[in-house]
Amino acid sequence: MSVGGVVLLVAAGVAAGLSGSIAGLASLFSYPALLAAGLPAVSANVTNTVALTLNGVGSAANSRRELTGQGPALRRFVLVAGLGGATGAALLLGTPSEAFERIVPFLVAVGSVALILQPRLRAAAVRRGSGTGGGWAVPGLFAVMVYGGYFGAAAGVLVLALLVAALPVSLLEGNALKNVLLGVANGVAALGFAVFGPVVWTAVLPLAAGVLAGSWAGPAVARRLPADALRIAIGLAGLGLAGALALQAY
């Protein structure tokens, strides 16, 4: 890989780490950068998932304040996250690359809309009496983690929307939980991709280095930003990414 390609991936990794740890759309930066570096769609996706495992490591390490008291939720959901990630990875490895390229824009759009509508989703959950983690939370999280294992981009958006709707947590607390759980799902999926998937390791290394740096700084940045403005901005950026991917696929 050229020096320019390495610089591009490191910079995209820093941006992805910041974005992912703050609001759950890391691949808004990393996935297009891998495509720009010349990787095919499926190879870019599995390489992206492997590199983004460090997003959970870096952001969780610097989110102890938001994770305080969240032990019960982590214990309840961590196995679900791992199983969902493994299932999604298996589905991806069996999906033809052409079909994957056509599915991706819709997946990104769904995740982005979910983040924009997060307050309404949470209010609806509370009205149904499930705002403290009702029975739908576990199967819902499993479904989202399957999606996360299948396609890393925008998975965090859906996880964040589900957690803040299902649990009595703030956006920052839900974001910290999301980082840990999605890190577990990504880690399990990455193990499968490392053995069976078309991972481009020369792209993983610079991207992962940037992701680790960005994700470490992300929680501190998030504490200083207005939550509603951040949520809407990331959601709109996700819709832009969905449109760009749709133009490429169709």
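Between Asp228 and Ser2, the simple spin-label model (points 7 angstrom out along Cα→Cβ) gives 4.6 nm. Cβ crowding within 10 Å ranks Ser19, Ser215 as Ser19, Ser215, fewest other Cβ atoms first.
Arranged from fewest to most other beta-carbon atoms within 10 Å of their beta carbon, Phe29, Phe193 become Phe193, Phe29.
In terms of packing, defined here as the mean over residues of other Cβ atoms within 10 angstrom, the peptides 183-189, 112-118, 241-247 line up highest first as 183-189, 112-118, 241-247. So, in nm, how far is label Leu247 from label Arg120 when the simple model puts each one 7 Å beyond its Cα toward the Cβ? Computed distance between label sites Leu247 and Arg120 equals 2.7 nm. Annotation for Val138 and Leu79: the two label points, set 7 Å from Cα along the Cα-Cβ direction, are 0.8 nm apart. Within region 149-250, the trypsin sites (Lys or Arg not before Pro) that combine a DSSP coil assignment with at most 10 other C-beta atoms in a 10 angstrom radius are Arg224.
Coordinate-derived values only; no laboratory data. Keep in mind it's a predicted model, so treat the numbers as computed, not measured. When we count neighbours, we look across all protein chains shown, and the Cβ atoms used for this are built from the backbone with ideal geometry, even at glycine.
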